[in-house]
Amino acid sequence: MEYEASLDRALEAVPDIESGGDRLSVPDADAQPDGAFTRFNNLEAVADALNRSTDHLHRFIQRSLATSGKLEAGVGRYNGEFSEREFEAAVEEYTEEYVRCSECGLPDTRLVQEDRTMMLRCDACGAFRPVQKKSGSATTQQTKDEVEAGETYTVEVTDTGRKGDGVAHRGDYTIFVPGASEGDVVEIFIEDTSGNLAFSRLA
C-alpha cells in the first residue's frame, strides 16, 4: 500500500511529454491592413508561445512571404496585403523547422549554434539536427518544381500542421492540404500562393 502511494506520487511528478501538439498553444494571427502594409499585431505573443525571439520569427515571415517589413514594439509590419491565414501558414512553417522536434514531435527544443551551423536540440528526447535557412531568392532551378495558383499536382503529405492540416513540399514550396493526413498521396488544386507558401484543396 505504501509502495503504491509512493509510486503514485512519483508518477505525478513526472512531466507530461505525451503530445507536443496538445502542449503547444499558439495564438491565432491578428492581421490588420495598414495602408500599403499589413500589421501582424500579436507577433510578439506568437513568438513567446513558441519560445523563440520575435526578431527571428519576424525575419522568417519576411522570407516566407517574400516581402520586406519592420518590427516595432512587438508588432510586425509587412509590405503588401496578407491574410491571417497567410500569417498562420508562415508561423506553421516556422514551427515545423525551428520549434518542433522531427523525432518525437515535441516543442521542448532550443536553437544552438555549433560550428557556425544553427542546430535544433530537443530536451525531451535528445535529438539534434541542423535547421535549414531558406534563401528567399528565386533561383533558376524552378520549372518542374514551380507551384502556380490554378494548377493541379500530385503530392505526398509528409507532415501534419499545427491545426491538423496536411503539409506537403514541392521544390521550395510548403503546401497546406486541408483534409489530408501524413502519408497520403493526393491530387491537389492550388488555390493561392504567397512567397514560398501554397494553399490548396483536394482535387
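A few notes on this one:
- Ranking F82, L120, T95 by how far each Cα lies toward the positive end of the dipole of the range 78-120 (charges on Cβ) leaves L120 at the top.
- At an R0 of 45 angstrom, the distance between the Cβ atoms of E72 and A203 translates into a FRET efficiency of 0.60.
- Counting only the Cα atoms, the range 26-99 fills a convex hull of 70 Å³ per residue.
- Phi angles of the range 32-45 translate, via the Karplus equation with coefficients 6.51, -1.76, 1.60 and θ = phi - 60°, into HN-Hα couplings of 9, x, 8, x, 7, 10, 10, 8, 9, 5, 10, 4, 5, 5 Hz per residue; Gly and Pro are given as x.
Computed from the coordinates by the stated procedures, all read-outs in this text should not be read as laboratory data. Computed from a predicted model, the values in this text were never measured in an experiment. Every residue, glycine as well, gets a Cβ built from its backbone with ideal geometry; the counts of neighbours run over all protein chains shown.
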